[in-house]
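The values are calculated or read from the model by the stated rules, or taken from the named source; none is laboratory data. These numbers were taken from a predicted model, which means no experiment stands behind them. Glycine gets a Cβ as well: all are built from the backbone with ideal geometry, and neighbour counts include every protein chain shown.
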Amino acid sequence: KKLYDMLLMLRSHGWAKDLDQETYSSMMDKYGIDDFHSPFTFFVAGYNLRSTDLQAFLGIRQIKKAEWASTQRNKNHLLYAEKLKGYVEF
């Protein structure tokens, strides 16, 4: 439940507005936030992560390539590390 609530806030710029009423009230009391300031209160640093259907579709397709991409990135890192050995500390 705590992880779920944290992810809800991260997704919504850090706002608690998407939390259930009990959790929302608890956070307001914990931090001493009054009703006037509640619409402008951000409890954690967050992002605007509401993806569109198109973004979700593309993300699902990219997941299939994740292992290959990770392997390629690692190969590139090893190549750079070898070529830059003695010039740059990794």
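Worth a mention:
- Of the criteria (1) over 15 Å from MET9 (Cα atoms); (2) of a type outside the set (S, T, N, Q); (3) surrounded by 10 or more Cβ atoms within 10 Å (Cβ to Cβ), which one VAL44 fails: (1)
- Of all residues making up region 1-34, the number that are in a helix (DSSP H, G or I) and closer than 19 Å to SER51 by Cα: 8
- Single condition VAL44 does not satisfy, out of (1) part of a helix (DSSP H, G or I); (2) under 30 Å from TYR31 (Cα atoms): (1)
- Check on LYS75, free of Cβ contacts under 8 Å to residues at least 60 places away in the same chain, outside any helix (DSSP H, G or I) and surrounded by 10 or more Cβ atoms within 10 Å (Cβ to Cβ): no
Residues checked against (1) surrounded by 10 or more Cβ atoms within 10 Å (Cβ to Cβ); (2) assigned by TED's automatic domain parsing to the domain that holds LEU3; (3) farther than 27 Å from LYS2 by Cα; (4) at pLDDT 90 or above:
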position	(1), (2), (3), (4)
ASP18	yes, yes, no, no
LYS30	no, yes, no, yes
SER38	yes, yes, no, no
ILE60	no, no, no, yes
LYS65	yes, no, yes, yes
ALA69	yes, no, yes, yes
